[in-house]
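Step one of this worksheet: look at the structure below.
The values are calculated or read from the model by the stated rules, or taken from the named source; none is laboratory data. Just so it is clear, the model here is predicted, and its values are computed rather than measured. Ideal geometry is used to build each Cβ from the backbone, glycine not excepted, and the neighbour counts take in all protein chains shown. Just the protein is used for accessible areas: all its heavy atoms, side chains included, with ligands, DNA and RNA removed. Shrake-Rupley method; radii C 1.70, N 1.55, O 1.52, S 1.80 Å.
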Amino acid sequence: MILREMRFPQTKYVILLLAIFICGTICVTGQTGAPQIFKVEPPSWWAGSSVNPIRLLIRGSNLTGARVQVVGRGFRVVGAPKTNERGTYLFVDVAIAPRANPGPRQLRITTADGIAHAAFEILAPLSRAGRFQGFSPADVMYLIMIDRFSDGDPANNDPPQSRGIYDRNNKFYYHGGDLQGVMDRLPYLKDLGVTAVWLTPWYDNYDHPNQIERKEDKPSTGFHGYNPQDFYAVEEHFGTLRKLRELVDAAHRSGIKIIQDEVVNHTGPYHPWVDDPPTPTWFNGTKANHLKNVFQTWVLHDPRPVEELKRETMEGWFLDFLPDLNQNDREVSRYLIQNTLWWIGTTGLDGIRMDTWQYVPNTFWRDWNAALKKEFPNFRVVGEVKDGDTVHTSFFQGGKVRFDGVDSGLDSLLDFPLFYPVRHAFAEGHRLDEIPKTLAKDYLYNNPEILVTLLGGHDDGRFMSERGATLAGLKLANAFVLTTRGVPQLYYGDEIAMTGPDEPTTRGDFPGGFPGDKRNAFSKEGRSREEQGLFEYVRKVTRLHTELEPLRRGQVINLHVSEQQYAYARKIRSEVAIIVINNDTKSATVEFDVKPAGLGDGALLVDKLGQLTEVRISTGKIKTMLPPRSASLFVPR
């Protein structure tokens with residue numbers, strides 16, 4: 001009516017209406033052109049999966065109002081796609097036919113302004129034989145920080161897309177270790193007696209210095225892998241997805257399992273989601289307005305917590321700069337569950353070590369674990385709850401509904417409550433009886449036999465850098481970890497007594513793993529006499545762990561406990577092994593009853609560790625003298 005009264009010519013009237021429409025569209029959607037596709041997650045999936053349809057998260061621009069059609073046979077779009085408010089993310093459900101032929105496919109994405117295509121691939125499911133095996137107390141696990149172990153491909157040390165963050169003289173930059181390097185060292189690991197390798201995260205990281213997480217007032221990098229930039233890609237400094245698959249297959253041929261280190265609590269500070277989240281509640285808070293993690297973890301098992309403290313602990317940004325994912329957002333939950341399944345299903349992994357377990361809601365873990373076990377029934381997961389309190393740590397193991405009404409389904413935990421007395425006794429020379437006192441709390445766990453026992457790791461100073469640490473103490477620590485209950489875990493380089501008192505130095509380069517190293521400690525010729533002695537001792541005990549069924553699966557029976565001496569048996573059926581440890585700096589004579597282990601008078605026991613020759617059971621007892629800082633492992637002749 002107003003336009004007519006102004007008597008605009010008809011052409012100008014049409015142009016004005018069109019301009020108003022276009023302006024309104026741009027103001028509402030922000031779209032100014034044809035759709036563009038930047039990333040599809042997941043980029044592939046296999047036919048016959050227990051998850052079907054798959055929800056694709058497509059990142060791009062100008063996606064508002066998009067229609068999605070499949071290009072190719074064997075899959076279809078289910079339901080109507082959803083777009084976020086800014087038109088930068090598209091959620092699309094895709095169902096894959098059970099017998100779909102493997103191969104590349106496309107999605108045609110159409111808006112009023114144009115057409116774009118998104119790549120997707122249907123995979124053939126991997127054979128189950130020799131894959132998805134899980135881990136057990138029969139294994140010897142070995143933790144490797146990929147970047148610091150072995151450089152098998154120098155060509156990826158300083159890739160073009162991330163040039164300038166490789167520098168072996170900078171303890172916070174990349175040093176060149178990679179997947180090929182791990183593959184090259186499989187014979188070494190096999191010789192050492194390792195049956196499962198835990199690799200730190202291989203997620204793709206940011207391609208520039210990290211100015212947010214500064215170390216010693218200098219920029220750092222994500223060489224350690226715990227600041228994911230892309231949950232569906234391999235870090236280019238480490239290799240490619242193809243190389244990762246080669247490594248897993250090669251490890252399996254060597255009889256070695258692969259454990260992936262995963263992170264679902266947070267992302268790296270430079271993830272594209274941080275400035276443009278797929279949903280308004282993708283993170284707990286925003287970069288400009290978020291809680292800081294206060295690490296009051298005790299409130300997490302408190303049935304009557306101060307809710308604000310609990311919220312700050314669960315929803316705070318880790319170290320105040322790692323964006324905290326909100327697993328209560330159903331889209332986040334589905335994304336993370338699919339991501340874990342994708343890594344397993346496309347590579348053939350055997351287990352997962354999950355970072356920062358306690359900072360993620362148990363309701364999410366329940367759903368996550370249920371999805372894993374449905375697709376991969378034998379798969380196993382160990383969670384990191386870094387706390388020395390058995391009461392706190394045991395709360396997070398699955399197999400039981402807790403007061404919060406949730407069974408998380410978690411198989412195993414890193415046994416940090418045992419880690420600290422192991423360090424105190426064997427490195428610092430404190431009381432040995434703190435170890436059986438800790439083991440006495442095993443009733444708090446639903447399954448203590450599957451806990452992962454350790455004497456070193458990438459977040460703690462090295463054993464040999466503890467005050468008072470000696471090679472003799474390190475041997476004792478290995479003897480205990482490899483003969484007690486649980487899944488023993490070694491830390492790369494501890495078998496040659498590497499040192500490093502703090503977080504950056506405990507992640508030092510394995511000598512001989514890098515071009516130009518002055519010596520090669522992967523070989524006998526490159527080790528000192530002391531290093532070789534330690535290596536041979538650790539290898540001897542790992543092999544005994546593999547050879548003797550009681551050490552793998554036997555019940556623990558305490559036989560003798562004093563301030564610096566500890567004797568226990570491992571028994572399964574009629575097979576028995578008896579371990580005696582003297583942590584004192586002087587010789588000690590110990591006598592104890594072995595009837596609880598089912599051994600009778602006259603039986604002759606031999607020492608597999610070679611400290612003693614043999615002992616005979618008399619009146620139901622063993623009496624033996626142990627040298628200073630030594631251990632014996634007795635089995636019936």
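Brief remarks on what is shown
- Residue match in the stretch 310-320 (condition: modelled with pLDDT of 95 or more, buried (at least 20 other Cβ atoms within 10 Å of the Cβ), aliphatic (A, V, I, L, M) and in contact with a Pro (Cβ under 9 Å, 6 or more places away or on another chain)): yes
- Every test in (1) modelled with pLDDT of 95 or more; (2) touching a Gly at 6+ places or on another chain (Cβ under 9 Å) is passed by Asp167 save one, and that test is (2).
- From Thr499, Thr505, residue being free of Cβ contacts under 8 Å to residues at least 40 places away in the same chain, closer than 25 Å to Glu384 by Cβ and surrounded by fewer than 21 Cβ atoms within 10 Å (Cβ to Cβ): Thr499
- Verdict on Asn170 being open to solvent by 20 Å² or more (accessible area, probe 1.4 Å), more than 29 Å from Leu413 (Cα to Cα), among the polar types (S, T, N, Q) and under 30 Å from the mean Cα position of the chain (by Cα): yes
- For the stretch 538-547, the candidate set comprises residues that are open to solvent by 30 Å² or more (accessible area, probe 1.4 Å) and in contact (Cβ under 8 Å) with a residue 12 or more places away in the chain; within that set, the residue that is nearest to Phe463 (Cα to Cα) is Arg539.
- Among the helices (runs of 4 or more DSSP H) confined to the stretch 288-392, the ones with at least 3 residues that are among the hydrophobic types (A, V, I, L, M, F, W, C) are located at 330-347, 362-375.
- Any chance Pro628 is open to solvent by 10 Å² or more (accessible area, probe 1.4 Å), part of a loop (DSSP other than H, G, I, E, B) and at pLDDT 95 or above: yes
- Selection within the stretch 303-345 - under 26 Å from Gln397 (Cβ atoms) and in contact with a Lys or Arg (Cβ under 8 Å, 6 or more places away or on another chain): Glu312, Gly316, Arg334, Tyr335, Gln338
- Every pair of residues 6+ apart whose Cβ atoms lie under 7 Å, when the first sits in the stretch 571-593 and is within 14 Å of Leu633 (Cα to Cα) while the second is among the basic types (Lys, Arg) and not in a loop (DSSP other than H, G, I, E, B): Ala577/Arg570
- Those residues of the stretch 444-486 which are out of contact with any strand residue (DSSP E or B) (no Cβ under 7 Å at 6 or more places or on another chain), aromatic (Phe, Trp, Tyr) and within 17 Å of His424 (Cβ to Cβ), in sequence order: Phe463
- Against the numbered list (1) open to solvent by less than 40 Å² (accessible area, probe 1.4 Å); (2) touching a Gly at 6+ places or on another chain (Cβ under 8 Å); (3) part of a loop (DSSP other than H, G, I, E, B), Asp584 comes up short only at (2).
- In the stretch 515-530, the residue that is least open to solvent (accessible area, probe 1.4 Å) out of those that are in a loop (DSSP other than H, G, I, E, B) and touching a residue at least 40 places away in the same chain (Cβ under 8 Å) is Phe522.
- A count restricted to the stretch 429-459 and to residues that are open to solvent by 60 Å² or more (accessible area, probe 1.4 Å), out of contact with any Lys or Arg (no Cβ under 6 Å at 6 or more places or on another chain) and not in a helix (DSSP H, G or I) stands at 5.
- Strands (runs of 3 or more DSSP E) enclosed by the stretch 193-236 - at least 2 residues per element that are open to solvent by 20 Å² or more (accessible area, probe 1.4 Å) and among the charged types (D, E, K, R): 210-215
- Val140 fulfils the conditions (1) within 30 Å of Glu495 (Cα to Cα); (2) open to solvent by less than 40 Å² (accessible area, probe 1.4 Å); (3) out of contact with any helix residue (DSSP H, G or I) (no Cβ under 6 Å at 6 or more places or on another chain) except for a single criterion, (3).
- Unmet criterion (only one of (1) within 33 Å of the chain's Cα centre (by Cα); (2) surrounded by fewer than 19 Cβ atoms within 10 Å (Cβ to Cβ); (3) of a type in the set (A, V, I, L, M)) for Ile58: (2)
- Given (1) open to solvent by 20 Å² or more (accessible area, probe 1.4 Å); (2) on the phi > 0 side of the Ramachandran plot; (3) modelled with pLDDT of 95 or more, number of the condition Lys373 does not satisfy: (2)
- Taking the conditions (1) over 24 Å from Trp198 (Cβ atoms); (2) of a type outside the set (Gly, Ala, Ser); (3) part of a helix (DSSP H, G or I) in turn, Arg467 satisfies each one other than (3).
- Residues that are open to solvent by 40 Å² or more (accessible area, probe 1.4 Å) and over 11 Å from Ala47 (Cβ atoms) within the stretch 82-120 comprise Lys82, Thr83, Glu85, Arg86, Pro104, Gln106, Arg108, Ala112, Asp113, Ile115, His117, Ala119, listed in sequence order.
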